[in-house]
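Student: Pasting in a structure now, in structure tokens, and then I'll have a few things to ask.
The values are calculated or read from the model by the stated rules, or taken from the named source; none is laboratory data. Note that the structure is predicted; figures quoted are calculated from it, not measured. So basically every Cβ, Gly included, is an ideal-geometry build from the backbone, and we count neighbours across all protein chains shown.
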């Protein structure tokens, strides 16, 4: 499987997928504290010129904590869109272009191909989350003052990484069904938003992958809640990967 992972790594770098993910998340991580520190006060001062700087500051309530929470919220709303449309072609593009058959005729196992894509993408997202959250933590602390313990950031990195593993598995599942990149991305996006809506509506985030986003956004990591949501997310991710693999094994991959 090492050769397959190396192949995914080279393709990810050459195609620009890794660059897009890293730069997009870093951009949002840096922009969020700047918005709170500079842009938002200027907008409010323009709209409410009669208010003093102290009054405007109390309206904004900007701090390292609010900056980090704002970024974590964006990582679901905006970050999810970036991830699904950047990685939407993980398996769907190869099925659409009929290139998945090439490694198979070289005696490569379909399971190795699938797992290499999942492992590489999961590692990339872990690195992306680690870099972007650390940069946001440090920059927010410099602009405001350090009030959040870095241990909470490490917990958020771990929890978010599990959530993005679920997203990647979701992409693999829909890609094996639809064989088209854009429809795959849309279905993964709709599924994630639907799970988030159901979790909020019935207050069952604890039993859904959406709980990982919910707890991370509030930087609230009660062990029982996170373990249940994380465990269920890993189980669902595993089932989606297995379903994708079974679907690929039953398909006629050489359609030319």
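For every residue, the table says whether it meets (1) part of a helix (DSSP H, G or I); (2) within 22 Å of residue 215 (Cβ to Cβ).
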| position | (1), (2) |
| --- | --- |
| 133 | yes, yes |
| 136 | yes, yes |
| 139 | yes, no |
| 147 | no, yes |
| 151 | yes, yes |
| 155 | yes, yes |
| 163 | yes, yes |
| 167 | yes, yes |
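Student: Do we have any residue at all in region 180-190 that's closer than 11 Å to residue 91 by Cα and either modelled with pLDDT under 95 or not in a helix (DSSP H, G or I) (or both)?
Tutor: yes
Quick grid of which residues meet (1) outside any helix (DSSP H, G or I); (2) under 21 Å from residue 151 (Cβ atoms):
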{"position": "197", "(1), (2)": "no, no"}
{"position": "213", "(1), (2)": "no, yes"}
{"position": "216", "(1), (2)": "no, yes"}
{"position": "221", "(1), (2)": "yes, yes"}
{"position": "232", "(1), (2)": "no, no"}
{"position": "243", "(1), (2)": "no, no"}
{"position": "249", "(1), (2)": "no, no"}
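Student: Among the residues of region 200-210, is any surrounded by 20 or more Cβ atoms within 10 Å (Cβ to Cβ), at pLDDT below 95 and part of a helix (DSSP H, G or I)?
Tutor: So far as region 200-210 goes, yes, one or more of its residues are surrounded by 20 or more Cβ atoms within 10 Å (Cβ to Cβ), at pLDDT below 95 and part of a helix (DSSP H, G or I).
Student: Every residue in region 111-142 that is surrounded by fewer than 16 Cβ atoms within 10 Å (Cβ to Cβ), in contact (Cβ under 8 Å) with a residue 12 or more places away in the chain and over 15 Å from residue 22 (Cβ atoms), please.
Tutor: Selection gives 111, 112.
Student: Please enumerate the residues belonging to region 67-106 that are crowded, with 17+ Cβ neighbours inside 10 Å and outside any helix (DSSP H, G or I).
Tutor: Correct list: 88, 89, 90, 91, 100.
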